[in-house]
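Asks: Handing you a structure now.
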């Protein structure tokens, strides 16, 4: 079980929950569980989401493990120049 | 990928040195081939007809007269580009932007194209195309477009991110929010509050090389595209999808690039060139004019930003709040969202809230511009911070040091920071001689901080060792700022050979696995990780070959300073084998020696910078002169320090231009008034002082050498640093960028 923090707009689509406890061992599972639990998240997730684990941002490594007790924060997937 | 994180204690032999740039001679002698330098036998000239209207229904396009003009080989409209996007809204926007389908959404929107035997015929043909427009009300200003009664650009847009969903469409595409704590309570407890509204005008990246490509589609369906781009793999993907091609049948080769800064991360005319070539069966060369680059590529957002910051008497910021409105052009974007994330990222805040609104306007589709969206947010926040420091009675640098984020701080956009460099950049600036230099009459000094995330991404690299022991490194990240030199240094470092023995090239899309584009300051960060991995894979093979040559177990062979070394009592006395010797024998030990790597280079380290600017203002004319400018930035590890300094200077130069002169000026008719470098003035050498730089190295723990990206952060502080300098020089807070002479005079008269 990990605790995930959602940024403001994502929290609004997750029935107002800014923190969610969820059973997921890696980023892929986290996204799957979130979609199942909060279908309104899907358009935002389709636009792209990054995951910060203890401050390090992961955009594409969906196999990255979510350590118990880690700070896990969901962020929009951003563009750069 | 896991690396030994002991980088901070490691010493380097190649990394950190300053060899002469490998592309330098070709670039100064004119031998380098940019996008427009490529030609093919039998090629045609492509040209695009663009809307003169800001907003109009396209009722009819008659191309018959153009098609009959001698020398015209193909005429193309949206009808030749069927919608193959299969419900992908982002791709549909790209398709519609490349060639308008039902409506012209901005002055410069493509509506038709021709391919002809020469430029004169092509230009003549465009004049013969008859387009019947039905003019619609337009809006180009971000605040006017935000208003509820604004002319509607897309009646299917209902603001997302708000609850409940609006019952009527608007130009506000999306609302996003970030932050933590109780901002209202924090603000109520503040002893001092500053509240301001700031505006920035739309600017262009200002790359000197225009968009250019040559497209050649064969009758068997295979195709080649030579193009200036920041991401040829992404261009391949987009063009193939829009044209219904297999990606593997389209080979894209990137040219040298004369500047991109985010503007060459999107396709604009390339799908049109391919479609023309496919239609006529001959190569088509399409080069944008400067007018087209301004009107129809992707400038940055215009913005309007409300900032409110409260502080206690002891100088602690107790609450920070910002509402940011960013223009997107007529299509979807998430630019205010990035501004909202970066706005307060430099500070340690208990109560912070940022709200971003994406606003549609009848201007070209907004594209990324070097740390996209962050400079405008930093302008607003750092201006307010300066004003608040004065109210509190502290000097601006001590006020920032007191409130600076540090390792363990919860960032305003959410996560907790690891090791970061904002504090060290501020301390370095405080101790810099620039801060102590005297100022004269009508002169002011300003400082400001800036933040950028930096990204990694998908990366693929091949390292091939020739029979003579020299190394070819093939990477897929386009070299926009010196990465070929940096990556050669990294390969030399890992293999233990001299830099001169490595040549790095940018491979085409058929020669290497997929690579994300060079954006987000990721080129050297991500490709160096892949290069290190590839080199280590090659070293594994080199050790195996040496073991074979010695007939000993590979476990007894180590790699030290470019040589295989035998270990152990029984064969420790064997003379070591150089990379060159092992390579020479490769034909009889198993064939070619190479290292390959495909990675997702996650774990980029955020970076911070602090800048100082001295400026003189002529109170009679409003003219400004930058007298002195200093950049202090954390690089993590500077692989090639000269290029890093160049990135620092380049970002500062662009930011100074943005702060003082550059802006898109639209007339009441919604048409761009200054689509050329005479009327859109970027700084030239004589406008700028020598820009001093200081590199700090706070290692990124997620990179084997500690590298962070360096390309973008340097453009974040200048708008604010220059604005603070001008405000201090004239004694009036500057709220609107660019601070052109008329705007400075207006502020003085207000």
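Asks: To the nearest 0.05, what FRET efficiency results for residue B:679 and residue A:46 with a Förster distance of 51 Å applied to their C-beta separation?
Replies: 0.80
Asks: Over the C-alpha atoms of the stretch B:309-426, what are the Rg and the largest Cα-to-Cα span, Dmax, in Å?
Replies: Using the Cα atoms of the stretch B:309-426, the pair Rg, Dmax is 15.3, 47 Å.
Asks: Right, here's the next one. If you split all Cα-Cα distances of the stretch B:515-577 into 10 Å bins from zero, what percentages do you get per bin, shortest first?
Replies: 22, 37, 18, 16, 7, 0
Asks: Please report the orientation-averaged projected area of the stretch B:256-363, defined via the convex hull of its C-alpha atoms, in nm². Please list the in-between numbers first.
Replies: Details: hull surface 39.9 nm².
Projected over every direction and averaged, the Cα hull of the stretch B:256-363 covers 10.0 nm².
Asks: Would you mind getting me the FRET efficiency between residue B:88 and residue B:168? Use the beta-carbon distance for r and R0 = 30 Å, nearest 0.05. Walk me through the numbers on the way to the answer.
Replies: Values: r = 26 Å, r/R0 = 0.88.
With a Förster radius of 30 Å, E is 0.70.
Asks: Right, another one. With only alpha-carbon atoms counted, please give the Rg and Dmax of the stretch B:580-662, in Å.
Replies: Rg, Dmax (Cα atoms, Å): 23.6, 80.
Asks: Pop out the Kirkwood hydrodynamic radius of the stretch B:1-144 from its pairwise C-alpha distances, inverse of mean 1/r, in Å to one decimal. Let's see the in-between values first.
Replies: Numbers: mean 1/r = 0.0512 Å⁻¹.
After inverting the pairwise mean of 1/r, the radius is 19.5 Å.
Asks: Sort B:437-449, B:338-350 by packing, meaning the average of other beta carbons within 10 Å per residue, with the highest value first. Write out the running numbers ahead of the final one.
Replies: Values: B:437-449: 18.2, B:338-350: 27.3.
Peptide ranking by packing, descending: B:338-350, B:437-449.
Asks: Which of B:471, B:284, B:234 has the fewest other C-beta atoms within 10 Å, and how do the rest follow up to the most?
Replies: On the way: B:471 24, B:284 29, B:234 21.
Ordered by Cβ neighbours within 10 Å, fewest first: B:234, B:471, B:284.
Asks: For chain B, just run the numbers: alpha carbon Rg, then divide by 2.2 N^0.38 Å, N being how many residues it has. Provide the component values of the computation, followed by the final result.
Replies: On the way: Rg = 27.4 Å, N = 750, 2.2 N^0.38 = 27.2 Å.
My calculation over the Cα atoms of chain B gives 1.01.
Asks: Could you let me know the centre-to-centre spacing of the stretch B:16-71 and the stretch A:28-81, using Cα atoms, in angstrom?
Replies: The stretch B:16-71 and the stretch A:28-81 have Cα centres separated by 39 Å.
Asks: Over what distance in Å are the Cα centres of the stretch B:631-655 and the stretch B:248-276 separated?
Replies: Centre-to-centre (Cα) distance: 27 Å.
Asks: How large is log10 of I(q)/I(0) for the stretch B:656-708 at q = 0.24 Å⁻¹ when the intensity is taken from the Debye formula with one equal scatterer per alpha-carbon?
Replies: The Debye formula, applied to the Cα set alone, gives -0.93.
Asks: Another one. Quickly estimate the mean residue ellipticity at 222 nm for chain B, helices only: each DSSP H run with n ≥ 4 gives -39500 (n - 2.57), and the total goes over all residues, rounded to 500. Walk me through the numbers before you get to the answer.
Replies: On the way: 20 runs with 209 residues, N = 750.
About -8500 deg cm²/dmol.
Asks: Assuming R0 = 56 Å, what is the FRET efficiency of residue B:510 and residue B:196, from their Cβ-Cβ distance, to the nearest 0.05? Can you show the working numbers first?
Replies: Numbers: r = 53 Å, r/R0 = 0.95.
After rounding, the FRET efficiency stands at 0.60.
Asks: So how do B:112-119, B:92-99 stack up, highest first, on mean other-Cβ count within 10 Å? The partial results should precede the final answer.
Replies: Working: B:112-119: 23.4, B:92-99: 21.4.
In descending order of packing, they fall as B:112-119, B:92-99.
Asks: Relative contact order of chain A: what whole-number percent is it, with Cα pairs under 8 angstrom and at least 6 residues apart? Write out the running numbers ahead of the final one.
Replies: Working: 131 pairs, mean separation 28.7, N = 81.
Relative contact order comes out at 35 percent.
Asks: On a C-alpha basis, how far is the centre of the stretch B:415-430 from the centre of the stretch B:333-374 in Å? Whole number, if you could?
Replies: First find each Cα centre; the distance between them is then 22 Å.
Asks: Could I ask something else about it? Against the 2.2 N^0.38 Å scaling, with N counting residues, where does the protein assembly as shown land? I'd like the Cα-based Rg ratio to two decimal places.
Replies: Working: Rg = 27.3 Å, N = 831, 2.2 N^0.38 = 28.3 Å.
This ratio for the protein assembly as shown stands at 0.97.
Asks: Can you give the alpha-carbon Rg of the stretch A:2-76 over 2.2 N^0.38 Å, where N counts its residues?
Replies: On the way: Rg = 10.9 Å, N = 75, 2.2 N^0.38 = 11.3 Å.
Rounded to two decimals, the normalised Rg is 0.96.
Asks: Can I ask one more? Binning at 5 angstrom from zero up to the longest distance, how are the C-alpha pair distances of the stretch B:372-503 distributed in percent?
Replies: Spelled out bin by bin, the stretch B:372-503 gives 2, 8, 12, 13, 13, 10, 10, 10, 9, 6, 4, 2, 1, 0 percent.
Asks: What average count of beta carbons from other chains do you get within 10 Å of the Cβ of residues in A:47-57? List each step's numbers first, then the result.
Replies: Numbers: counts 7, 2, 0, 4, 2, 5, 3, 3, 16, 10, 12.
For this peptide, the per-residue mean of nearby foreign Cβ atoms is 6.
Asks: By per-residue mean of other Cβ atoms within 10 Å, what is the highest-first order of A:30-38, B:461-469, B:360-368?
Replies: Numbers: A:30-38: 16.4, B:461-469: 20.2, B:360-368: 27.6.
Listed from highest to lowest mean packing, they are B:360-368, B:461-469, A:30-38.
Asks: Compute the orientation-averaged projected area for the stretch B:485-531 from the convex hull of its Cα atoms and round it to one decimal in nm².
Replies: On the way: hull surface 14.0 nm².
Result: a mean projected hull area of 3.5 nm².
Asks: Once you put a point 7 Å from the Cα of residue A:28 and another 7 Å from the Cα of residue B:11, both along the Cβ direction, what distance in nm separates them?
Replies: Label at residue A:28, label at residue B:11, 4.5 nm between them.
Asks: P(r) for the stretch B:125-209: what percent of alpha-carbon pairs falls in each 10 Å bin, starting at zero?
Replies: Spelled out bin by bin, the stretch B:125-209 gives 11, 23, 28, 24, 8, 3, 2 percent.
Asks: Take peptide B:571-579, look around each residue's Cβ out to 10 angstrom, count Cβ atoms belonging to other protein chains, and average those counts.
Replies: Values: counts 0, 0, 0, 0, 0, 0, 0, 0, 0.
Taking all residues of B:571-579 together, the mean is 0.
Asks: Still on this model: Restricting the calculation to Cα positions, tell me the Rg (one decimal) and the Dmax (whole number) of the stretch B:636-750 in Å.
Replies: For the stretch B:636-750, the Cα radius of gyration and maximum Cα-Cα distance read 17.7, 56 Å.
Asks: Report the equivalent ellipsoid semi-axes for the stretch B:542-590 in whole Å, largest first, defined as the square roots of five times the eigenvalues of the gyration tensor built from alpha carbon atoms. Each step should come with its number before you reach the end.
Replies: Working: eigenvalues 54, 27, 13 Å².
Each semi-axis is the square root of five times an eigenvalue, giving 16, 12, 8 Å.
Asks: Can you report the principal axis dimensions of the stretch B:680-740 using only the alpha carbons, biggest first, rounded to whole angstrom?
Replies: 47, 26, 21
Asks: What are the semi-axes of the equivalent ellipsoid of the stretch B:483-587, taken as the square roots of 5 times the eigenvalues of the Cα gyration tensor, listed largest first and rounded to whole Å? Could you put the intermediate results ahead of the total?
Replies: On the way: eigenvalues 198, 34, 29 Å².
Rounded to whole Å, the semi-axes are 31, 13, 12.
Asks: Provide B:517, B:288 in ascending order of the number of other Cβ atoms located within 10 Å of each residue's Cβ, fewest first.
Replies: By the 10 Å Cβ count, ascending: B:288, B:517.
Asks: Determine the gain in length on full extension of the stretch residue B:64-residue B:290; use 0.36 nm per residue of separation and subtract their C-alpha separation, reporting nm with one decimal. Provide the component values of the computation, followed by the final result.
Replies: Details: separation 226, 0.36 × 226 = 81.36 nm, distance 2.84 nm.
Length gained between residue B:64 and residue B:290: 78.5 nm.
Asks: Of B:684, B:732, how do they rank once you tally other Cβ atoms within 10 Å and put the fewest first?
Replies: On the way: B:684 10, B:732 15.
Ascending Cβ contact count within 10 Å gives the list B:684, B:732.
Asks: What number, rounded to the nearest 500 deg cm²/dmol, is the helix-based mean residue ellipticity at 222 nm of chain A, given -39500 (n - 2.57) per DSSP H run of at least four residues and division by all its residues?
Replies: Values: 3 runs with 23 residues, N = 81.
After summing the helix terms and dividing by the residues of chain A, the value is -7500 deg cm²/dmol.
Asks: Here is a follow-up. Return the average number of partner chain Cβ atoms within 10 angstrom of each residue Cβ along peptide B:332-341.
Replies: Numbers: counts 1, 1, 6, 1, 0, 7, 4, 0, 4, 4.
That works out to 3 on average.
Here, each number is a calculation from the coordinates, and none is a lab measurement. Computed from a predicted structure; not experimentally measured. Every residue, glycine as well, gets a Cβ built from its backbone with ideal geometry; the counts of neighbours run over all protein chains shown.
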